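Q: Below is a structure I'd like to ask you about.
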There are 2 protein chains.
Amino acid sequence: MENLDASTHITKRHNTRRGRLARHNAPFESPIYHRRKIPAYAMLDDAALRRIEDQADWILHNIGIEFHDDQTALDLFAAAGAQVEGTRVRFEPGLVRALCATAPRQFRLHARNPKNTVTLGGDDVVLMPGYGSPFVSDLERGRRYATLEDFHNFVKLTYAAPNLHHSGGTVVEPTDIAVNKRHLDMVLAHLTLSDKPFMGSVTAVERAQDSIEMARLVFGAGFMSRHAVMQANINVNSPLVYDHTMSGALRVYAAANQCVCVSPAIFAGAMGPLSPAAVAAQTLAEAMVGIALTQLVRKGCPVVFGSFHSTMNLRSGALTFGSPEANMTTMAIAQLGRRLGVPVRAGGGQITASNAPDAQAMQDSAGAMWSTLLSGAHQVWHAAGWLEGGLVMSYEKFVLDLDHCGAMLKLLQGFGTEEEAFGRDAYLETGPGQNFLSTAHTLRHYTTANFAPAVPEGGAFETWQENGAKTADHRATALWQKMLADYQQPAMDEAIHSALTAFVAERKASMPDEWY
Amino acid sequence: MENLDASTHITKRHNTRRGRLARHNAPFESPIYHRRKIPAYAMLDDAALRRIEDQADWILHNIGIEFHDDQTALDLFAAAGAQVEGTRVRFEPGLVRALCATAPRQFRLHARNPKNTVTLGGDDVVLMPGYGSPFVSDLERGRRYATLEDFHNFVKLTYAAPNLHHSGGTVVEPTDIAVNKRHLDMVLAHLTLSDKPFMGSVTAVERAQDSIEMARLVFGAGFMSRHAVMQANINVNSPLVYDHTMSGALRVYAAANQCVCVSPAIFAGAMGPLSPAAVAAQTLAEAMVGIALTQLVRKGCPVVFGSFHSTMNLRSGALTFGSPEANMTTMAIAQLGRRLGVPVRAGGGQITASNAPDAQAMQDSAGAMWSTLLSGAHQVWHAAGWLEGGLVMSYEKFVLDLDHCGAMLKLLQGFGTEEEAFGRDAYLETGPGQNFLSTAHTLRHYTTANFAPAVPEGGAFETWQENGAKTADHRATALWQKMLADYQQPAMDEAIHSALTAFVAERKASMPDEWY
């Protein structure tokens, strides 16, 4: 299967058994904007950023970090100059940052369709669907456990969404599939129902290995030894602990030269002190240690400085999302990651604690998305669908979020100030008190000037009322249904497809179902 | 009535017949943040801003601007060096900007309660309720024409809202009052039901004069000759026309040394060319001319560079709000106004075309608010309540928006990076894998660390469902009802109150009702 450029090779084979997405029928008509053209917002000045970096060094020097049941990781750190006592690893100030220096500033995450290959780092922006929800909901069937069918649906919806650039990972938990076999179905779905970049499994070392094996069937081992074609989500057991599952999976992906995203997960006041500055510093400390480990396993391994954080209502104990403190933390983390010199996944996305795709959901989500995108994050997880603190992927919120993804990506393009933009001819054609609607300038631009959301407008109040007074969430239902109905699977070579399904069948047959 | 510092004087009189707002009972508990402590976001670089400024000069030089039925304004411009032909006024490049130079960079807008006096300009941020809606809605009584009772309610709600710093103007249209007498009831309500800064009437020259007369009864003519105690909303009849009502009212307020906000109102593609750059340039051109006129009437008169703009769905013709193009325009206008050196009201606020306080409403509103506040605007109109493109003030959206105002104002505070913020003692007290909830650091900060919204949380899904699955808008109803029930009128000297009501009665008796 190996070849010099597997992904190009695959898409050249046009004797496909499946069709292609008919883009002209897609409800989301906006172009795919990948690149930021406006400056990243710098909330903090250099002095504040240095104080946070110093605090990260203080944590790693004075408190240290634990690696549980992973002697290999401990040995690697000891050999690199860290002080290892039992499971605790401490670092002289500056050491971890120095170990991160071999991670690439930017790199390509290859998709099997080269048109969907993305760059992580630089000015590119990569948006992804939600991750990890055990439940789904829609306004017709209500809230329920997610199944493999839902997983397939969200992979298909993401594939059909021009404003999502990456298929994601555990877009929902397929709870009808045995825990020890889910990864096989999930990776198979990402590889066959979509041709965008994707994430492999990290829930056990052997599942990480299975994920990589499956990717090799598509991309070839040689190509993958030099290029990243998949990404892994390594969550830190914050505060300051890596368990062996996560550090083990990290080492598997790093050894295979695949992209490792290291994401501390800190709820301010619970897994770290109660302040944005402290959460940012601890996130930096924890993430740098994981990134350093990737580089000790394989220098130059592509990484993403990830983060996930939340605030809490300290009266009720409820987690809150999109809060001002969380959004400030997100902006700080993006600045810190950019200074570290690696691509950043900065905390936010379109996240909310709301139980429904309502006003609260969108206040939370829009604010979190503004802070994420304005701050200069390179990769945005949970950009669509997330509800109820991540317990639920909502079909309606997914398409509502897609519209906001498109709007924000348009905003990141800025606007031109060239002569044509000023429309001087329109002023000469019309004048004070006159209407510009029929000027040649307006006619030249009206089809492309404005971003067009896909969720239908409500219309004038009287019309809206006659049509059942449907709020935006209810207008969204028909949209995801149409997207699924219109879905056409991307082409794949028959032999590769057979190899993948055979691999999955063989691995499934090799072990009994486990449900824990 | 005249005195050296009328507003201080008034509040010293504590023999009041009315109580004071019991702040400890207010549902919105957040402190009142007035001041921005994080940098304004600069979307455009100097070269782009200069091109927009050059385009404003081009418009004013080559096209010019019209003043209808206002020979006084035309004469003032001619005397200042403009070319006047009929009603058209043209300016050499740079002339209008030079005429604006005497407007103050920042100034105080005095409230009758000195604690509520605000600064316009500098780093201060002044938030205001919606303006101008002929309808109101709430989830119990539905959508209906606004009445004076609704007007009173929104003045009371704004008074009770710590995150609104200004009582606004025509917060709704009191449609049950004759058109030629509404201004009397509106100004009376702002002056007696609230003690925050407010706006006077501009719908006719004599109504502007009435508004000023009423303010003089409270603040004294001498104080007002030196200090601004009220603000006027002068809308340009974009494109490039001032009608005599607006330029007449402008001259009345400027002559009285009261604050004039000049707000062009441009729907891109209809009242100006279809591009953010063109809308920004035309807004600058139109606003500068109005500001110049205030300075020709009275040098040093306090002004605000206002703006109102919208995009359209160019397929349906519907106005859209919170679109990426509109948000970019808002950010550009804030930069242009700051360069002009006057306080800026930059376009946005919490605006939406949605018919309900739903997901769309908050996607639109949150985005418009982020662009407005991050861009460095000094004054934000329509920060609460606006729905349906401004046709409706929604009681529920008002309180939902208040929460977002509070969250955004908290965000503008940034966060500290002093030693206490990092919580080193918490790390020494606990450690890797441990919980920070009961650390001394968390206990020191948990009551103040996080912004607390006032709209009740939904709670866990099961609880939420048992409680009727109330979306955020439905949870908001009880909140505005409680705010109105708890409202206590601010104190006012009995003699002043009598003078105001007598003035209103006399003016009302002097003319027959007019309903157009």
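The values are calculated or read from the model by the stated rules, or taken from the named source; none is laboratory data. This is a predicted model, so every value here is computed, not measured. With ideal geometry, Cβ positions are generated from the backbone for all residues, glycine too; neighbour counts draw on all protein chains shown. Ligands, DNA and RNA are excluded from the accessible area calculation, which covers all protein heavy atoms including side chains. Shrake-Rupley method; radii C 1.70, N 1.55, O 1.52, S 1.80 Å.
For every residue, the table says whether it meets (1) of a type in the set (A, V, I, L, M); (2) in contact with a helix residue (DSSP H, G or I) (Cβ under 7 Å, 6 or more places away or on another chain).
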{"residue": "A:250", "(1), (2)": "yes, yes"}
{"residue": "A:257", "(1), (2)": "no, yes"}
{"residue": "A:262", "(1), (2)": "yes, yes"}
{"residue": "A:265", "(1), (2)": "yes, no"}
{"residue": "A:283", "(1), (2)": "no, yes"}
{"residue": "A:290", "(1), (2)": "no, yes"}
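Q: Ok, one more. Can you confirm whether residue A:237 is in a loop (DSSP other than H, G, I, E, B) and under 25 Å from residue A:69 (Cβ atoms)?
A: yes
Okay, residues lined up against (1) more than 24 Å from residue A:182 (Cβ to Cβ); (2) among the basic types (Lys, Arg):
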{"residue": "A:71", "(1), (2)": "yes, no"}
{"residue": "A:84", "(1), (2)": "yes, no"}
{"residue": "A:100", "(1), (2)": "yes, no"}
{"residue": "A:105", "(1), (2)": "yes, yes"}
{"residue": "A:110", "(1), (2)": "yes, no"}
{"residue": "A:119", "(1), (2)": "yes, no"}
{"residue": "A:132", "(1), (2)": "no, no"}
{"residue": "A:139", "(1), (2)": "yes, no"}
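Q: Something else now. Can you spot a residue in segment A:304-311 that is more than 23 Å from residue B:425 (Cβ to Cβ) and open to solvent by 10 Å² or more (accessible area, probe 1.4 Å)?
A: Yes: segment A:304-311 contains one or more residues that are more than 23 Å from residue B:425 (Cβ to Cβ) and open to solvent by 10 Å² or more (accessible area, probe 1.4 Å).
Q: Separate question: Please enumerate the residues belonging to segment A:227-237 that are farther than 16 Å from residue A:211 by Cα and surrounded by fewer than 24 Cβ atoms within 10 Å (Cβ to Cβ).
A: A:235, A:237
Q: Could you pull out the residue among A:471, A:477 that is β-branched (Val, Ile, Thr), out of contact with any Lys or Arg (no Cβ under 6 Å at 6 or more places or on another chain) and open to solvent by 30 Å² or more (accessible area, probe 1.4 Å)?
A: Answer to the selection: A:471.
Q: Name every residue in segment A:338-389 that is within 23 Å of residue A:159 (Cβ to Cβ), within 14 Å of chain B (Cβ to nearest Cβ) and among the polar types (S, T, N, Q), in order of residue number.
A: A:350, A:365, A:372
Q: Now a separate question. Filter the strands (runs of 3 or more DSSP E) completely within segment A:93-140 down to those with at least 1 residues that are among the acidic types (Asp, Glu).
A: Correct list: A:135-138.
Q: Checking residue A:176 against (1) without any contact (Cβ under 8 Å) to a residue 40 or more places away in the chain; (2) under 29 Å from residue A:288 (Cβ atoms): exactly one of these is not met. Which one?
A: That leaves (2) as the condition not met.
Q: Kindly indicate which of B:84, B:89 is among the β-branched types (Val, Ile, Thr), at pLDDT 95 or above, touching a helix residue (DSSP H, G or I) at 6+ places or on another chain (Cβ under 7 Å) and open to solvent by less than 10 Å² (accessible area, probe 1.4 Å).
A: From the options B:84, B:89, the qualifying one is B:89.
Q: I've got another one for you. Collect the residues in segment A:32-86 that are in contact with a strand residue (DSSP E or B) (Cβ under 8 Å, 6 or more places away or on another chain), of a type in the set (Gly, Ala, Ser) and more than 9 Å from chain B (Cβ to nearest Cβ), keeping them in residue-number order.
A: Matches in segment A:32-86: A:73, A:78, A:82.
Q: If I ask for residues that are away from chain A (no Cβ under 14 Å) and surrounded by fewer than 21 Cβ atoms within 10 Å (Cβ to Cβ), which ones from segment B:249-268 would you list?
A: If the condition is that a residue be away from chain A (no Cβ under 14 Å) and surrounded by fewer than 21 Cβ atoms within 10 Å (Cβ to Cβ), then B:255, B:257 are the ones that fit.
Q: Further, regarding this structure: Inspect all residues belonging to segment B:73-80 and state whether any of them is under 29 Å from residue B:326 (Cα atoms), modelled with pLDDT of 50 or more and in a loop (DSSP other than H, G, I, E, B).
A: Looking through segment B:73-80, none of the residues is under 29 Å from residue B:326 (Cα atoms), modelled with pLDDT of 50 or more and in a loop (DSSP other than H, G, I, E, B).
Q: Continuing with the same structure: Counting only residues that are β-branched (Val, Ile, Thr) and under 28 Å from residue B:179 (Cα atoms), how many does segment B:463-516 have?
A: Residues that pass the stated criteria total 3.
Q: Only residues that are in contact with a Pro (Cβ under 7 Å, 6 or more places away or on another chain), surrounded by fewer than 24 Cβ atoms within 10 Å (Cβ to Cβ) and not in a helix (DSSP H, G or I): list them for segment B:372-414, please.
A: If the condition is that a residue be in contact with a Pro (Cβ under 7 Å, 6 or more places away or on another chain), surrounded by fewer than 24 Cβ atoms within 10 Å (Cβ to Cβ) and not in a helix (DSSP H, G or I), then B:391 is the only one that fits.
Q: Right, something else. Could you list, in sequence order, the residues of segment A:420-434 that are buried (at least 24 other Cβ atoms within 10 Å of the Cβ) and at positive phi?
A: Selection gives A:423 alone.
Q: Another question, then. Hey, could you check segment A:435-451 for residues that are in a loop (DSSP other than H, G, I, E, B) and either among the acidic types (Asp, Glu) or within 7 Å of chain B (Cβ to nearest Cβ) (or both) and say which is least open to solvent (accessible area, probe 1.4 Å)?
A: A:436
Q: In addition: Could you tell me which residue of segment B:101-142 is surrounded by the fewest Cβ atoms within 10 Å (Cβ to Cβ), considering only residues that are on the phi > 0 side of the Ramachandran plot and in contact with a strand residue (DSSP E or B) (Cβ under 9 Å, 6 or more places away or on another chain)?
A: B:122
Q: Quick test for you: out of B:316, B:365, pick the one residue that is without any contact (Cβ under 8 Å) to a residue 24 or more places away in the chain, within 18 Å of residue A:455 (Cβ to Cβ) and not in a strand (DSSP E or B).
A: B:316
Q: Let me ask something else. So which residues in segment A:460-475 are within 8 Å of chain B (Cβ to nearest Cβ) and closer than 13 Å to residue A:140 by Cβ?
A: Hit for segment A:460-475 is A:473, nothing else.
Q: Go through the residues of segment B:283-290 one by one and say whether even a single one is out of contact with any strand residue (DSSP E or B) (no Cβ under 6 Å at 6 or more places or on another chain) and under 22 Å from residue B:108 (Cα atoms).
A: Yes.
Q: Moving on to the next point. Given the condition open to solvent by 10 Å² or more (accessible area, probe 1.4 Å) and in a helix (DSSP H, G or I), answer yes or no: does some residue in segment A:340-361 qualify?
A: Yes - at least one qualifying residue is present in segment A:340-361.
Q: Of the conditions (1) open to solvent by less than 30 Å² (accessible area, probe 1.4 Å); (2) more than 9 Å from chain B (Cβ to nearest Cβ); (3) not in a helix (DSSP H, G or I), residue A:417 satisfies every one except a single condition; which number is it?
A: All conditions pass for residue A:417, except number (2).
Q: Go through the residues of segment A:190-201 one by one and say whether even a single one is in a helix (DSSP H, G or I), more than 14 Å from the chain's Cα centre (by Cα) and among the hydroxyl-bearing types (Ser, Thr, Tyr).
A: yes
Q: What's the total number of residues in segment A:210-223 that are more than 16 Å from residue A:187 (Cα to Cα) and touching a helix residue (DSSP H, G or I) at 6+ places or on another chain (Cβ under 6 Å)?
A: So the answer is 1.
Q: How many residues does segment B:291-313 contain that are at the interface with chain A (Cβ under 7 Å from one of its Cβ atoms) and either part of a loop (DSSP other than H, G, I, E, B) or aliphatic (A, V, I, L, M) (or both)?
A: Adding up the residues that qualify gives 1.
Q: Checking residue B:222 against (1) buried (at least 24 other Cβ atoms within 10 Å of the Cβ); (2) over 17 Å from the mean Cα position of the chain (by Cα); (3) in a helix (DSSP H, G or I), which test does it fail?
A: Just one mismatch for residue B:222, condition (1).
Q: Another one. Just give me the residues in segment A:425-434 being at the interface with chain B (Cβ under 7 Å from one of its Cβ atoms) and either part of a helix (DSSP H, G or I) or touching a residue at least 60 places away in the same chain (Cβ under 8 Å) (or both), in sequence order.
A: Listed by number, the residues that qualify are A:426, A:427.
Q: Something else now. For the condition away from chain B (no Cβ under 14 Å) and touching a Cys at 6+ places or on another chain (Cβ under 6 Å), what is the one hit in A:214, A:288?
A: Going through A:214, A:288 in turn, the sole match is A:288.
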